[in-house]
Amino acid sequence: MNEHSLDAQCHICRRKFETKTQFREHYELEHAHDAVKCIFCKSTFENPLDMDTQRWEEVHSHIYGEILYSRLAEYEEKNVG
Ligand SMILES: [Zn+2]
Ligand SMILES: [Zn+2]
């Protein structure tokens with residue numbers, strides 16, 4: 001597997017993305033002048049065109065963390081007897 005499913009969402013138009021590349025390209029094309037934001041905690045990153053690959057990696061691992069936490073919470077809710 002080259003790319004994990006990201007399952008991240010654009011905070012502006014609510015589109016969902018399965019890969020990091022799609023997520024990045026979407027911001028660079030559609031929202032080049034808006035800062036990238038985390039839809040979960042509203043953390044703000046730089047404008048898409050100002051970010052290098054390493055900064056994008058930080059954004060992705062941030063969002064991965066949020067998704068993992070929310071899935072874990074869901075899972076625990078379902079299993080509370
Ligand atoms: Zn968007
Ligand atoms: Zn966040």
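If every alpha-carbon in segment 8-78 counts as one equal scatterer, what log10 I(q)/I(0) does Debye give at q = 0.17, 0.28, 0.29 1/Å?
Each listed q corresponds, in turn, to -0.59, -1.45, -1.54.
Of the candidates Thr19, Thr44, Thr53, which one comes out as most mobile in a Gaussian network treatment of the chain with C-alpha springs shorter than 10 Å?
The residue that fluctuates most here is Thr53.
Which whole-number percentage describes the relative contact order of the chain, with Cα contacts under 8 Å and a sequence gap of 6 or more? Each step should come with its number before you reach the end.
On the way: 69 pairs, mean separation 16.3, N = 81.
20 percent.
Which residues' amide hydrogens lie under 5 Å from the amide hydrogen of Ala8, considering only partners 5 or more residues apart or on another chain, with H built in the peptide plane?
For Ala8, the qualifying residues are Phe17.
What number of lysine-lysine pairs in the chain show an alpha-carbon separation below 20 angstrom, given a sequence spacing of 8 or more or placement on distinct chains?
On the way: Lys16/Lys37; Lys16/Lys42; Lys20/Lys37; Lys20/Lys42.
Lysine pairs satisfying the spacing and distance rule in the chain number 4.
Where a number appears in this text, it was derived from the coordinates with a stated rule and is not lab data. None of these values were measured; they are calculated from a predicted model.
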